[in-house]
Amino acid sequence: MEPARGRHGTAEPVNSGSCGRVPVNRGTNVCKTLGMDTTSASSRRTFLLGAAASLGLLGAAAPTAFAGSDRPTPRPAFVPEPVRTVEAGPLGIAVTFDDGPHPEFTPQVLRVLRRNRVRATFCVVGTEVEKYPDLVRAIHRHGHTIACHSWSHANLQELTPAGVGEEVERGLAAIGRVLPGYRVGWFRAPYGRWSSEVMGAIRAAGLRPLGWSVDPRDWERPGTDEIVRRVLADVETGSIILNHDGGGNRDQTVAALRQWLPELSSFGYRFVQPA
Ligand SMILES: [Zn+2]
């Protein structure tokens, strides 16, 4: 039996080596720094707007410093971007689960998915793969995609290039030991903390970067109804929906899934796996 989890996921013996190690996130919920994703996304947007403005891409409002100039256009700094949507035709969307496998919640998620005939993608953490290999096999047996979510759920932006490579390789190796021959195609950076080092490391390992476009912030435990509301409010064709089956108490995630999954099906949405 798993020890009881703190109401806000602060007691996370299963995943204690994951988010708790990140200085900015010490003592908080396992994926609380996902909030940082918003910040980084908005700062990225700000940057891109700035870059677009400096390149004269924003029309009349943009500065025209380079208009009529034959100087080479300055190239904006490289901004690594993961795949954030799926292209699977009208109403095609993807559901993803992070931070597992978890002995309590992963089986619950698998049951809901099976009942709704939905195949999803599980971004698994290497340390948890080692602890619960049977759950990884179950995910695979049920026809879901398994993606690598690093070895220890470290903030890869704070590691050296060698450290990043190790997180990727150890995470992959853990999956390989449990599912020999399984070809992992995707990597998702913990907290959505992408960098050119991360992109380089996963490219070298033959992986593609998997992001998301709909984040109901289920890890905040905002209440089942609120998670449902957030998913339904934001979903659209091509959405990749982020959920968590591990890293803390995910009972609200599971309860919400029981509601929004059949609801989206009734709207005509089709659930696909990133390809
Ligand atoms: Zn995560």
Query - Protection proxy ranking, peptides 222-234, 114-126, 180-192, 242-254, average beta carbon neighbours within 10 Å, highest first - result: 242-254, 114-126, 180-192, 222-234
Report task. List, in order, the whole-Hz ³J(HN,Hα) value for each residue of region 215-226 obtained from phi through the Karplus relation with A = 6.51, B = -1.76, C = 1.60 and θ = phi - 60°; use x for Gly and Pro. Result -> 10, x, 6, 4, 5, 6, 6, x, x, 4, 4, 5
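Just to be sure I understand: if I project the alpha-carbon convex hull of region 235-275 onto a plane and average over all orientations, what area do I get in nm²?
3.4 nm²
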Query raised in the report: Which ³J(HN,Hα) values, rounded to whole Hz and listed in residue order, are derived for region 104-115 from phi using the Karplus coefficients 6.51, -1.76 and 1.60 in 6.51 cos²θ - 1.76 cosθ + 1.60 with θ = phi - 60°, glycine and proline given as x?
Result: 9, 8, 4, x, 5, 4, 4, 5, 5, 5, 5, 4
Report summary line: Total charge of the residues flanking P222 in space, meaning their Cβ is under 10 Å from its Cβ, with Lys and Arg +1 and Asp and Glu -1, is 0
Query raised in the report: How many percent of all Cα-Cα pairs in region 136-266 sit more than 17 Å apart?
Result: 63 percent
Query raised in the report: Using 0.36 nm per residue, how much length does the chain from K131 to R119 gain when fully extended, once their Cα-Cα distance is taken away?
Result: 2.0 nm
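Could you give the length gained on full extension between H142 and A205, defined as 0.36 nm per residue of separation minus the Cα-Cα distance, in nm?
Extending this stretch completely gives an extra 20.1 nm.
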Query raised in the report: For G92, which sequence-distant residues (separation of 5 or more, or a different chain) have an amide H within less than 5 Å of its own amide H, given hydrogens modelled in the peptide plane?
Result: G238, R270
Query raised in the report: What is the spin-label model distance, in nm, from R170 to F267 if the labels are put 7 Å beyond Cα along the C-beta direction?
Result: 4.0 nm
Report summary line: Of the convex hull drawn through the C-alpha atoms of region 96-212, the volume per residue in Å³ is 88 Å³
Report summary line: Which residues qualify? For G211, with a placed amide H closer than 5 Å and at least 5 residues away or on another chain, they are V83, R84
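Here, each number is a calculation from the coordinates, and none is a lab measurement. No experiment lies behind these values; they were computed from the predicted model shown. Every residue, glycine among them, receives a Cβ derived from its backbone with ideal geometry; neighbour counts consider all protein chains shown.
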